[in-house]
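Beneath this line is the structure, given in structure tokens, with notes to follow.
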Amino acid sequence: MLPPSRRDFVSLTLSESGSYTNSKQWRRQSCWRKWKQLSRLQRSLILFTLMLLLVCGIATSPTLIGHWRGEIGLHNLMVCLLLLFISHVCSWRGAVIEEEQASDTDTKDTDIQDDPASLAHAESRLEAVREAFRHAWKGYKNFAWGHDELKPISNSYGEWFGLGLTLIDALDTMWILGLKEEFAEAREWVARELSFNKNVDVNLFESTIRILGGLLSTYHLTGDSMFLEKAKDIGSRLMPAFNTASKIPYSDVNIGKGTAHPPQWTSDSTVAEVTSIQLEFRELSRLTGDPKYKLAVMEVMKQVHKLDGKQDGLVPMFINTHNGLFTHQGIYTLGARADSYYEYLLKQWIQGGKTENELLDDYLLAVEGVKKNLLKKSTPSDLTFVGELSHGHFSPKMDHLVCFLPGTLALGAHYGLPTDHMELAKQLMETCYQMYAQMETGLSPEIAHFNMHEGSTQDVDVKIADRHNLLRPETVESLFYMYRFTEDKKYQQWGWEILQNFNKYTRVPTGGYTSINNVRDPANPNPRDKMESFFLGETLKYFYLLFSNDPNLISLDKYIFNTEAHPLPIWPQAE
Ligand code: DMJ
């Protein structure tokens with residue numbers, strides 16, 4: 001874009017220069033515009049011809065010649081006119097050169113998406129993500145095929161549910177990245193090998209967002225009904241979790257036996273977990289025509305909506321499955337155990353066609369609650385960050401998980417929520433980027449503590465126990481939303497830096513990427529030997545979408561991403 005002052009220059013000069021009526025002024029402007037549209041050569045020739053005609057006219061006029069012949073002479077007159085012409089051309093060039101350059105720049109900027117160099121630039125970044133995915137997949141395929149997670153350092157695998165978690169989480173990423181061969185192979189495994197008829201305990205939330213969400217999303221992208229059948233199977237096997245006295249679900253389900261239970265040490269569930277399974281179960285009801293899934297998860301939302309114990313719309317982290325009340329009250333965070341409650345309020349409202357007002361009200365209230373209780377500025381750089389509240393005491397601690405928030409705020413603003421949400425999104429996006437940029441490896445720690453005291457020389461402090469990086473997606477996710485809505489290339493650039501640092505410090509030569517223990521030690525980031533399934537399901541997918549300049553690649557007006565980056569359709573209005 002041109003700086004506005006340059007564009008204004010022409011219209012300002014024109015409007016100030018004459019005392020014409022509007023139509024005269026318009027004609028004058030339009031003549032001026034036509035004149036400006038001629039090339040420099042054309043304009044010089046016209047001026048030169050006019051001058052020549054003038055000189056010839058004077059030379060052949062007997063009165064003027066008679067008068068001037070004795071005073072300046074014809075020769076002097078010609079020289080004078082020539083000098084005048086040259087000086088006019090020069091001063092004209094001097095006066096408009098900026099404007100001419102500006103219009104060149106204008107063309108470049110407006111056509112930037114089609115400019116071959118910029119297309120090649122974007123394509124090379126997209127290819128870099130595909131390459132990263134293939135590298136991660138190579139490790140998974142060679143050493144962990146069909147298992148939950150790759151352990152890339154020991155070239156082995158780890159099991160959590162024993163359901164091929166990474167493979168399922170990565171299905172729609174492969175589809176979006178256009179990795180057809182890899183996708184076909186994975187599809188075969190799902191069709192032939194994946195069985196949910198297993199005596200295993202799974203976490204309701206994790207298997208909903210990764211497995212049910214992944215299968216539903218892949219069904220929508222591909223139209224392949226095999227994925228829908230698998231989604232129905234896991235969805236119905238998870239339903240026993242809702243058989244509690246309060247109807248607030250247990251955290252764990254045995255999908256083979258059809259039994260559910262809380263963790264061994266408590267009868268509580270996590271608030272974020274029970275309120276971040278709604279997008280998936282609501283969609284399952286829509287696809288199957290069976291309302292039981294939707295009814296179960298909406299009951300949870302209804303109860304949480306009415307519960308005491310919130311502070312300005314902010315929720316505690318735990319809820320009891322017997323009595324349905326919040327427990328461990330007084331602690332408020334946008335990080336672990338509460339984060340996606342806020343995300344799903346907004347996203348359910350969007351998914352359902354913006355008619356469920358309670359969800360919107362709770363979301364708007366919560367954003368005000370964040371502003372009032374959790375937002376502060378760091379020193380020395382004045383970064384806006386989201387801290388935590390513990391029994392009235394503010395703590396300047398911010399989880400990397402909180403970095404989903406800029407993206408969510410931007411999404412809300414895109415759907416007509418107050419514009420100051422977008423302003424806040426921009427500020428928080430800068431902070432999340434700085435959580436990477438201020439570390440020696442250029443990778444964010446799991447948890448940052450922001451300095452607020454005068455005289456501090458750095459904004460971010462990291463406790464020794466918080467120095468790990470699990471290849472999490474939240475910052476890249478938000479960068480994607482911010483770029484989609486603003487088209488500001490700095491967000492792509494920030495993402496590019498982060499991808500390069502993942503490649504530098506977490507890429508394992510034999511295949512795969514690894515979580516690391518120390519983002520502050522570039523000489524020894526200390527690999528953890530684990531590649532989380534969300535690195536393929538979310539982080540790499542959001543990188544790809546961030547570097548793509550095509551707003552229709554998973555349009556945000558048609559899809560809503562679940563909290564594991566699996567796009568689900570926004571329902572047609574009638575539904
Ligand atoms: C993912 O499983 C989801 O994004 C979840 O909402 C939070 N934790 C991880 C990624 O960090």
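What follows is calculated from the coordinates using simple rules that are stated; it is not laboratory data. Being a predicted model, the structure only gives us computed values, none of them experimental. Here the Cβ positions follow ideal geometry from the backbone for every residue, glycine too, while neighbour counts run over all protein chains shown.
Tabulated data
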| read-out | value |
| --- | --- |
| Local electrostatic count, Ala136, Cβ distance below 14 Å [Lys/Arg +1, Asp/Glu -1] | +2 |
| Cut-off under 5 Å, modelled amide H: who pairs with Glu532 long-range | Ser515 |
| Cα Rg, Dmax, segment 478-541, angstrom units | 13.5, 38 |
| Peptide ranges 517-526, 426-435 listed from the most packed, as the mean C-beta count within 10 angstrom indicates | 426-435, 517-526 |
| Amide H partners (placed H, <5 Å) of Ala260, local residues excluded | Asn254 |
| Segment 114-163: mean projected area of Cα convex hull, nm² | 4.6 |
| Protection proxy ranking, peptides 336-348, 268-280, 225-237, average beta carbon neighbours within 10 Å, highest first | 268-280, 336-348, 225-237 |
| Lysines whose Cα lies under 23 Å from that of Lys230, excluding same-chain neighbours fewer than 8 positions away | Lys141, Lys180, Lys198, Lys257, Lys292, Lys294, Lys541 |
| Gain on full stretching of the segment that runs from Glu181 to Asn524 - 0.36 nm per residue minus C-alpha separation | 119.9 nm |
| Square roots of five times the Cα gyration tensor eigenvalues for segment 443-488, Å | 26, 17, 6 |
| Per-pair calculated FRET efficiency, R0 = 51 Å: Ser390 and Glu127 via Cβ, rounded to 0.05 | 0.65 |
| Two-site label geometry, Lys372 and Lys489: point separation in nm, points 7 Å out along Cα→Cβ | 4.3 |
| Long-range HN-HN contacts of Lys376 with modeled amide H, under 5 Å | Phe385, Gly387 |
| Using θ = phi - 60° and Karplus 6.51 cos²θ - 1.76 cosθ + 1.60, couplings along segment 546-554 (whole Hz; Gly, Pro as x) | 5, 7, 7, 9, 9, x, 8, 6, 6 |
| Extent along principal axes [Cα atoms of segment 242-398; Å; largest to smallest] | 55, 40, 26 |
| Estimated inter-spin distance, Glu358 and Asp420, nm [label 7 Å along Cα→Cβ] | 2.8 |
| Lys463 versus Asn155: modelled label distance in nm, points set 7 Å from Cα along the beta carbon direction | 3.9 |
| Potential lengthening between Asp201 and His328 on full extension [0.36 nm per residue; Cα-Cα distance subtracted] | 43.1 nm |
| Ratio of Rg to Rh over segment 118-233 (Cα coordinates, Kirkwood Rh, two decimals) | 0.99 |
| Calculated FRET efficiency for the pair Leu50/Ser456, C-beta based, R₀ 56 Å, to 0.05 | 0.20 |
| Along principal axes, Cα extents of segment 343-414, largest first, whole Å | 43, 26, 17 |
